[in-house]
Amino acid sequence: MKGFGIIKGLGVTLKHIYDTYAEDFKTGRKRYYNEAGVRMRMTPDTKGIFTVNYPEERLPVAENFRFVPFLVYEEEEGEKVPRCTACGICSKVCPTQCIWITRAEDPETGKPLKTPAEFYIDIDLCMNCGFCAEYCPFDAIKMDHDYELASYDRMQNNIYDKERLLKPASYYAEIRPLHYAREKQAKAEEAAKKAARRRPRE
Amino acid sequence: MNEEIKVLETYEQAVLERFPDWVRVDEREGYQGLLVESANLLPLMSDLRDELGYDLLTSLTGVDYLPEEKMEVVYHLFRSTGGAILEIKVQIPRSNPVVPSLVGLYPGAAFQEREAWDLLGIKFEGHPHLKRILMWEGFSGHPLRKDWQEVFYGDEKKPYEDRWPKGKTKKIEADNPYQENIAYPEGFNPETWIPEPAEFLFKGSIPLEQEEEFDTEKLVVNLGPQHPSTHGVFRMVATLDGETVVDLEPVMGYLHRNHEKIGEKNTFAMNMPYTDRLDYFCSMSNNFGYALAVEKLLGEKYHPPERAQYIRVIMAELTRVLNHFMAIGFFLNDLGAYFTPALYTIKERELILDIFEAVAGSRMMCNYFRFGGVVRDLPQGMEEHIREMAYERLPRQIDELDRYLVENEIVVSRGQGVGVLTPEQAIGLSAAGPVLRASGVPYDIRRADPYSIYDRFDFDVAVRYHGDVYDRFLIRFDEIRQSIRILQQAIDSIPQGEVLANKPAYKFKMPVGEAYGRVEGPKGELGFYVVSDGTDNPWRYHVRAPSFINLTGLRQMCLGEKVADLVAILGSIDIVLGEVDR
């Protein structure tokens, strides 16, 4: 029969509407309004429409999620001490070359210090590839989870300087607990190895 | 029988024995293939095609060897029945780069030769309509030539010295002021320039023979560049006789960014995230192709460990499922079922993107593969999640879609018998992937020339025989089902272990040489041709983009069809403009 396809198609749409509401009814209506609901969205058994009303609801990002980098600093006696040693590897691996670093110099002797004087990232250029975080030997630069960077003036706001890039190590531990724990363990092992190597000599 | 197998294994010798005077082995270090004089190219190719069965000219490109004052045209030939590569090269002087055109033998060379002319300035004698394809007429020079530089450029090669330790602190635009960053060819004035009329586009094409009942006037219609059906900025210029298409010319390049020139400035490692942006639906497959090509160059030491191989296959197959879901959904969009079926398929894609986000860190720009493996292991619980997807969700959803769509009378009546490409045409036009297989050619690189660990899995090569829009639609269902089979086997047998062959590195000791790595991408054969001169940056980096080359067949598919079917035909090829224009 001609035209049956259209009726069938409408039936399909109707079934999806039914699915969505039936699921809402079963799970207590507002299924994506809380963390558990949003997480349920990502399971293979989710049914019906599972869109999320951004920005009221947000999808949790995965731990590996990466967005423009930040610099990790340690709190030492109330001062921010960046982990960065200004070795320049991140700047060299950056595919878009959006990282600019100058090394700090000792004000008296003029010798280069192992800390950056300036550190800029042009986030207009950054393509969030994560190479800088991946190849940093000091775990000093990491990819952020904050993806809401819109601003009114890109010429003023979109070159991030050192002040803006620095975030505490505790923040890093918060957004990437597993990575942080893994790196801490690796560091501890490294230190233990070094100590073991040194002991026989002493 | 035995003899035949021997010939297949030593194909280069076979060619050498056949034409001892015409060809010689390329003996440069790290190079393979055969060199031929440009005068002997046409007879050699015609013999290779007709006698030795090398009927698939998959890739054609040029290399500019500036220090030797030479240009080289590289042809990658395959048999459509399967088997290894045959690489033919022609060397020509750089001052007068002319080679005979292969369009008469392999119609699929048409766009690729135009691309080589556009970007490298190699003239193809006998090409019916050799004009720029990606650049516009007001572009000065041939950008992939080694002595060509953009008007403003930071440095010859990355990494740029002024980033570290100099610490340059200004926006790039400061050096690159608006309207001063363009150079025009001599005698070209953009103010007085008038684009040539659309009829000019058809100069090279042979008009369709038609019975003239009435003396009717032809009408030229532009579909695009801004048209909702073209999936981006893409233009089809159609000549109509009434409603019938009598000629059609695709016009592209609106999204061109010269991916290959950027690639040659980058180091080898830096190119990986750029490949994500070719076909932005399938970044995992793109990564795969590039990683394979460079691993070939790097040698055995960079052979990925077992677990990495499995992860690669799983990711590539998930990408194929994702891409075909999108292709099905957007094809229905093109047929007028506006966005309802597309959203049902996007739903499934969403769940796969969640996997990519958890694994690679980004939903679309995955940047997950490295030379010698993948960047990191699967997160905890991910294997179980993929298993659930592969065994429950995906098979269920594809069956559901099948029920809704495959026998839908609108899809059937719009698709059957429309936009037919016969097997001979498909092979000749260098079509690849679903377009080729829907025309009855069971050519799947995973089978024909297995790479990675695809020889271990049990799957069928999806093939359909009518070559019409409907078959190109159906074959995507078949391929999703086969991919799910591979996924199930892979996730069941994935071993534990390392995921990277070497320590993570951003610098490699690149040997001198060339390599062509290819994968069966969701849209067709995705090939990367890489030439290394031993430095950190590739000397030549060429992408054989399946979307781009599949468009060579668009005219053939559209001839004689009604104008309303153009949109359906284009939708059935499944192009992504990020890859077409590169």
Between B:ASN333, B:GLN496, B:ALA568, whose Cα lies farthest towards the positive end of the dipole of region B:259-581 when Lys and Arg beta carbons carry +1 and Asp and Glu beta carbons carry -1, centred on the Cα centre?
-> B:GLN496
Average beta-carbon neighbours from other chains, 10 Å sphere, peptide A:128-135 = 5
Return the FRET efficiency for the residue pair B:ARG403, A:LYS111: r is the Cβ-Cβ distance, R0 is 51 Å, and the value is rounded to the nearest 0.05.
-> 0.10
Exercise: per-residue mean of other protein chain Cβ atoms within 10 Å, A:86-94 = 5
For chain B, with the dipole built from +1 on Lys and Arg beta-carbon atoms and -1 on Asp and Glu ones, taken about the Cα centre, which of B:VAL237, B:SER46, B:MET135 lies farthest toward the positive end?
-> B:MET135
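Determine the relative contact order of region B:259-581: mean sequence separation of Cα pairs under 8 Å and six or more apart, normalised by residue count, in whole percent.
28 percent
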Return the inverse of the average 1/r over all pairs of distinct C-alpha atoms in region B:69-154, which is the Kirkwood hydrodynamic radius, in Å to one decimal.
-> 14.3 Å
What is chain B's relative contact order, in percent, from Cα pairs under 8 angstrom and six or more apart in sequence?
-> 17 percent
Given charges of +1 on the Cβ of Lys and Arg and -1 on the Cβ of Asp and Glu, with all other atoms neutral, how large is the dipole of region B:337-441 about its Cα centre, in debye to the nearest 20?
-> 340 debye
Ratio of the Cα radius of gyration of region B:429-537 to 2.2 N^0.38 Å, where N counts its residues = 1.35
Calculate the spin-label point distance for B:TYR31 paired with B:HIS303, positioning each point 7 Å from the Cα along the beta-carbon direction, and give it in nanometres.
-> 2.8 nm
Please report how far the C-alpha centroid of region B:112-144 lies from that of region A:136-171, rounded to the nearest whole angstrom.
-> 43 Å
Across the Cα atoms of region B:242-385, what radius of gyration and what greatest pairwise Cα-Cα distance (Dmax) are found, in Å?
-> 18.1, 62
Quick one: plug the Kirkwood hydrodynamic radius of region A:67-192 (C-alpha pairs) into Stokes-Einstein at 20 °C, 1.002 mPa s, and report D in µm²/s.
-> 139 µm²/s
For the peptides B:462-469, A:192-199, B:242-249, A:93-100, what is the packing order when you average, over each peptide's residues, the other Cβ atoms within 10 Å and list the highest mean first?
-> A:93-100, B:462-469, B:242-249, A:192-199
Looking only at other chains, what is the average number of their beta-carbon atoms within 10 angstrom of each beta-carbon in B:356-367?
-> 5
With bins of 10 Å, the percent of all Cα-Cα pairs of region B:267-339 per bin from 0 is 18, 39, 26, 12, 5, 0
Flagged as over-length at 24 Å C-alpha distance, from A:LYS142/A:LYS162; A:LYS114/A:LYS142; A:LYS80/A:LYS111; B:LYS123/B:LYS509, the pairs are B:LYS123/B:LYS509
Report, in debye and to the nearest 20, how large the dipole of the protein assembly as shown comes out about its Cα centre when Lys and Arg carry +1 and Asp and Glu carry -1 on their Cβ.
-> 2780 debye
Remind me, relative contact order of chain A in percent, using alpha carbon pairs under 8 angstrom and six or more residues apart?
-> 19 percent
Please give the peptides B:378-384, B:572-578 ranked by average Cβ packing (other Cβ atoms within 10 Å per residue), highest first, as a rough proxy for protection.
-> B:572-578, B:378-384
Could you give P(r) for the protein assembly as shown, binned at 20 Å from zero, as whole percent values over all Cα-Cα pairs?
-> 14, 46, 33, 6, 0, 0
Between A:PHE4 and A:ALA104, Cβ-based FRET efficiency (R0 60 Å, step 0.05) works out to 0.20
Centre separation in Å (Cα based) which lies between region B:465-486 and region B:504-582 | 21 Å
Tail weight of P(r) past 19 Å, computed on alpha-carbon pairs of region A:33-87, percent = 55 percent
For region B:259-581, what's the radius of gyration and Dmax over Cα atoms, in angstrom?
-> 19.2, 59
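Within 10 Å, count the other beta carbons around each residue, average over each peptide in B:122-130, B:359-367, and list them highest first.
Details: B:122-130: 17.8, B:359-367: 23.9.
Packing order, densest peptide first, comes out as B:359-367, B:122-130.
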Debye log10 I(q)/I(0) at q = 0.09, 0.11, 0.21 Å⁻¹ for region B:2-125, Cα point scatterers = -0.24, -0.36, -1.29
What's the long-distance tail for region B:352-509, i.e. % of Cα pairs beyond 20 Å?
-> 63 percent
Could you give the alpha-carbon Rg of chain B over 2.2 N^0.38 Å, rounded to two decimals?
-> 0.96
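FYI, it's all coordinate maths here, none of it is from the lab. Not measured: the values here are computed from a predicted model. For neighbour counting, all protein chains shown are included, and Cβ atoms are generated from backbone atoms with ideal geometry for every residue, glycine included.
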